[in-house]
Amino acid sequence: METFVFYLFSAFMVMSALMVITVHNPVRAAFFLVLTFFSSAAVWLLLEAEFLAVILIIVYVGAVMVLFLFVVMMLDINIAELKRGFVKNLPLAVIVAIAMFTMIYFVVSGEHFSVEHFAPPARHTADYSNISELGQVLYTEYVFAFEIAAVILLVGIVAAISLTLRRRPNTRHQKIEDQVAVKSEDRLRVVKVEPRQRKYEVGK
Amino acid sequence: MDLILSIYEIPVINILLKIIVILVPLLLTVAYFTYIERKVIGYMQARIGPNRVGPRGWLQPIADAMKLMFKEIIFPTNANKVLFIVAPTIAISTALAAWAVVPFGAELVLADLNIALLYILAMTSIGVYGVILAGWSSNSKYAMMSTLRTAAQVVSYEIAMGFALVGVVMASRSLNIGEIVAGQGGTGIWGWYMWPLLPLFVIYFVSGVAETNRAPFDVAEGESEIVAGFHVEYSGILFAIFFLAEYANMILISIMAALLFMGGWLSPFESVEFLSLGSSFLAGSSIVWLLAKTAIFMFLFLWFRATFPRYRYDQIMRLGWKVFIPITIVWIYVVGIMYYAKVAPWFV
């Protein structure tokens, strides 16, 4: 049963990952990427990494891909235009692809990542908590790596905002604090109007 | 009789029956929630509301459902048909799937996950894909604009909502909803997390209103600006499914607010001496308390809609990023300090 589920979701993952790069429409490609994330979350669940699986869905599916789609939907992409350079750039692309695959092969293959080097993951009892386990390690052993990663992310945010922020001093902004602080006297003037005698008779 | 019992023992049938026991009352609640919404808003605006179908209009939601079921589904020209149908399917399936982990009592829960809170957050964050797909596949300008608005709004308010839940998790030291409720017990109304986490409680509920695209955050629908937003091209049963998903999500936000901040099924009179003698109904915890608390929040949704004018888009963004997120971050620090100071009765 477990093997079946594993192969089902792995097949889904590989298929949808392939579709991401072969489908012409960029919005559809983004949706296939969502499906890829989903299937990998399911595979992680099988590994009893439930925290990581759910975080993958919350962060990547729920936030990152939504912003991705946001951008992709706004782009006006001409597919014929994209296809034009295909033949011309093919040799270069093949060379890059081969180089990438050899590098990946050397890293992943044999001595580092093959199955013999790892004991099969141990089964845990029902009260085993993935989260407390992760928290223990993250905030003790790897606390500096963790904090440095957080600082790098913060720098990334600040850099992205400062690069794209356009200051336009001439535009009129709504000043919320002024609006909140406003009192009735600032806006409303009560005028006492003296009654006057009519100067002429009605109907004349 | 023995046969029936033995069928009930089969795991798949057992789980299916439990799902039905949760979903049927939920869907009925959704149906009558729409009726109550129209009645309540009607009375708030000095109207009567629906009163033609059945006695006092009680059969109105059923009539509405029948009408929508028999209407024709119209596909817009050049619409992506597959995604056009998938969109409401995603909306309803995520809205209903989240209910799998919602507990209704100390033992009354379908799936007792230890990451239940994260699961619900994940399901609500996937729900936005229904809206995005609907807007994109309809091949319509208004639907597209609504999609862009929703995507930005939901992503913004999800952060505030997540931070508000971090406060709850810090206070209860658990992601299991049953344990979160148990952590609020013992001292009656003062033990509830709404007191030490008051800003987070308010932010959670307001973000929940924004997440479900309800007034005053309903720029996604904005009938005066973009007709009906993402579901402008939908008709018949497909429209009804979007409607169903939205109301199921509203009830989910309400019941989560009741569970996480108002002690769920715990009685507010738990510690009142003269009531708890002989385990009377008022002092004992029961599902009635949970449903009553949920009803308060459900009413708030309707009250908001009848009271507030719609926020402008830039005001929504300002509220989410410049007000809610800073407040939640500050309050997480305050919760940490309260935790170390062992403020009774919540942090002991």
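The table for this structure:
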{"quantity": "Matching residues, region B:59-117, being surrounded by 16 or more Cβ atoms within 10 Å (Cβ to Cβ) and either polar (S, T, N, Q) or at positive phi (or both)", "calculated": "B:Gln60, B:Asn80, B:Ser93, B:Thr94, B:Asn114"}
{"quantity": "Of residues in region B:306-328 being of a type in the set (Val, Ile, Thr) and within 13 Å of another protein chain (Cβ to nearest Cβ), the one surrounded by the fewest Cβ atoms within 10 Å (Cβ to Cβ)", "calculated": "B:Val323"}
{"quantity": "Test: residue in region B:28-35 that is under 22 Å from B:Lys67 (Cβ atoms), in contact (Cβ under 8 Å) with a residue 60 or more places away in the chain and not polar (S, T, N, Q)", "calculated": "yes"}
{"quantity": "Pairs, first more than 10 Å from chain B (Cβ to nearest Cβ) in region A:26-54, second hydrophobic (A, V, I, L, M, F, W, C) and outside any helix (DSSP H, G or I), C-beta under 8 Å, six or more apart", "calculated": "A:Pro26/A:Leu75; A:Pro26/A:Ile77; A:Ala29/A:Val23; A:Phe32/A:Val23"}
{"quantity": "A:Phe70 vs. criteria within 28 Å of B:Leu117 (Cα to Cα) and more than 10 Å from chain B (Cβ to nearest Cβ)", "calculated": "no"}
{"quantity": "The one condition in (1) among the aliphatic types (A, V, I, L, M); (2) assigned to a helix (DSSP H, G or I); (3) over 30 Å from A:Leu52 (Cβ atoms) that B:Val53 fails to fulfil", "calculated": "(2)"}
{"quantity": "Tally of residues being in a loop (DSSP other than H, G, I, E, B) and in contact (Cβ under 8 Å) with a residue 24 or more places away in the chain across region B:322-348", "calculated": "4"}
{"quantity": "Only one of B:Ser125, B:Ser174, B:Ser156, B:Ser138 that is touching a His at 6+ places or on another chain (Cβ under 9 Å) and among the hydroxyl-bearing types (Ser, Thr, Tyr)", "calculated": "B:Ser138"}
{"quantity": "Residues satisfying the stated conditions in region A:85-110, i.e. aromatic (Phe, Trp, Tyr) and modelled with pLDDT of 75 or more", "calculated": "A:Phe101, A:Tyr105, A:Phe106"}
{"quantity": "Residues (touching a helix residue (DSSP H, G or I) at 6+ places or on another chain (Cβ under 6 Å) and at the interface with chain A (Cβ under 7 Å from one of its Cβ atoms)) located in region B:106-128", "calculated": "B:Ile115, B:Leu118, B:Tyr119, B:Leu121, B:Ala122, B:Ser125, B:Ile126, B:Val128"}
{"quantity": "Flag for A:Leu82 being under 30 Å from B:Val154 (Cα atoms) and either at pLDDT 80 or above or more than 14 Å from chain B (Cβ to nearest Cβ) (or both)", "calculated": "no"}
{"quantity": "Region B:313-348, residues that are at pLDDT below 90 and of a type in the set (Phe, Trp, Tyr)", "calculated": "B:Tyr313, B:Trp321, B:Tyr339, B:Tyr340, B:Trp346, B:Phe347"}
{"quantity": "Residue that is nearest to B:Arg318 (Cα to Cα), among those in region B:148-172 that are more than 10 Å from every other protein chain (Cβ to nearest Cβ), of a type in the set (A, V, I, L, M, F, W, C) and buried (at least 24 other Cβ atoms within 10 Å of the Cβ)", "calculated": "B:Ala160"}
{"quantity": "Filtered residues of region B:1-52 (kept if modelled with pLDDT of 85 or more, surrounded by fewer than 11 Cβ atoms within 10 Å (Cβ to Cβ) and polar (S, T, N, Q))", "calculated": "B:Gln45"}
{"quantity": "Qualifying positions in region B:184-193 - in a loop (DSSP other than H, G, I, E, B) and surrounded by fewer than 20 Cβ atoms within 10 Å (Cβ to Cβ)", "calculated": "B:Gly185, B:Gly186, B:Thr187"}
{"quantity": "Helices (runs of 4 or more DSSP H) contained entirely in region B:56-128, each with at least 2 residues that are of a type in the set (Ser, Thr, Tyr) and under 22 Å from the mean Cα position of the chain (by Cα)", "calculated": "B:81-97, B:116-126"}
{"quantity": "Subset of region A:139-189 [within 24 Å of B:Arg318 (Cβ to Cβ), among the small types (Gly, Ala, Ser) and under 31 Å from the mean Cα position of the chain (by Cα)]", "calculated": "A:Gly156, A:Ala159, A:Ala160, A:Ser162"}
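Results for (1) in contact with a Gly (Cβ under 8 Å, 6 or more places away or on another chain); (2) within 24 Å of B:Glu223 (Cβ to Cβ), shown as yes or no for each residue.
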{"position": "B:Gly42", "(1), (2)": "yes, yes"}
{"position": "B:Arg47", "(1), (2)": "no, yes"}
{"position": "B:Asn78", "(1), (2)": "no, no"}
{"position": "B:Thr94", "(1), (2)": "yes, no"}
{"position": "B:Trp99", "(1), (2)": "no, no"}
{"position": "B:Ala122", "(1), (2)": "yes, no"}
{"position": "B:Ser125", "(1), (2)": "yes, no"}
{"position": "B:Trp136", "(1), (2)": "no, yes"}
{"position": "B:Asn139", "(1), (2)": "no, yes"}
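To keep it simple, each residue is scored yes or no on (1) at pLDDT below 80; (2) in contact with a Phe, Trp or Tyr (Cβ under 9 Å, 6 or more places away or on another chain).
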position	(1), (2)
B:Glu270	yes, no
B:Ser279	yes, no
B:Ser286	yes, yes
B:Leu302	no, yes
B:Tyr311	no, yes
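The values are calculated or read from the model by the stated rules, or taken from the named source; none is laboratory data. Since we're looking at a predicted model, the values are computed, not measured. So basically every Cβ, Gly included, is an ideal-geometry build from the backbone, and we count neighbours across all protein chains shown.
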